[in-house]
Amino acid sequence: MSNNRYSGVDSYAAIFIAYKVKLLIRTPLFNPSDYEDLEQDLMLAYLYARPSFDCKKGHLKSFIKAAVNNHAKNILIEAERQKRWTGEKDISFQMVSEENPSSTLLDETMSDDGFCGDVFSNLSIASIELELDIQTLLERMPADLKQTFHLLQKYSVTDAGKVLNIPRTTMSSRAKRLRRYLEEELLKK
């Protein structure tokens, strides 16, 4: 609990801030020792925003909620940003290697074990190559089969037929034609 006392401050603001802090410390970004700091931070945000309150535009409780919620959201965004930052600087793999000026850093990091010793990098390279093959295949594909391909990625045969306003059996025939086309194209490789 907090040792902070806020005499002279709207009691609703103090209660709502305490409630919001309890929600914040339940997140993995904060721990119970942050309670007082968060409470003071939200109270300051409210006190700075308080002079801009206009009773003609809305109720005080709504203003308190908006001011506190907005600042709590900003606290969460900042905490997440700090957790994501690793302290490492970006480098380009196109940079020339210091040991061998005729090769780039990318050449130095690739090996038989994969990129930077990552044995799974070949799998990601294979998935990229597969994606490129699919894109090339789609570019050469007839328009009706391309439409069928995209629809069947999102919908079932029945639902795709409903989207095109055609019978399910017609959509099923299109799917079979698409399958034959893909098999023929893949056999060519």
Exercise. Across the range 1-56, which residue is modelled with the lowest pLDDT among those that are basic (Lys, Arg) and either more than 14 Å from residue 67 (Cβ to Cβ) or surrounded by fewer than 12 Cβ atoms within 10 Å (Cβ to Cβ) (or both)?
Worked result: 5
For this session: Consider residue 47 carefully, then state whether it is part of a helix (DSSP H, G or I) and among the hydrophobic types (A, V, I, L, M, F, W, C).
Result: yes
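Considering only the range 151-183, state which residues are without any contact (Cβ under 8 Å) to a residue 24 or more places away in the chain and hydrophobic (A, V, I, L, M, F, W, C). Walk me through it before giving the result.
Let us first name the residues in the range 151-183 that are without any contact (Cβ under 8 Å) to a residue 24 or more places away in the chain, namely 151, 153-173, 176, 179-180, 183.
Residues satisfying the conditions are 151, 157, 160, 163, 164, 166, 171.
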Exercise. From the set of residues in the range 9-42 that are assigned to a loop (DSSP other than H, G, I, E, B) and without any contact (Cβ under 8 Å) to a residue 12 or more places away in the chain, which is nearest to the chain's Cα centre (by Cα)?
Worked result: 28
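The values are calculated or read from the model by the stated rules, or taken from the named source; none is laboratory data. Bear in mind that the values here come from a model prediction, so they are computed numbers and not experimental data. Neighbour counts run over all protein chains shown; Cβ positions are idealised from the backbone, glycine included.
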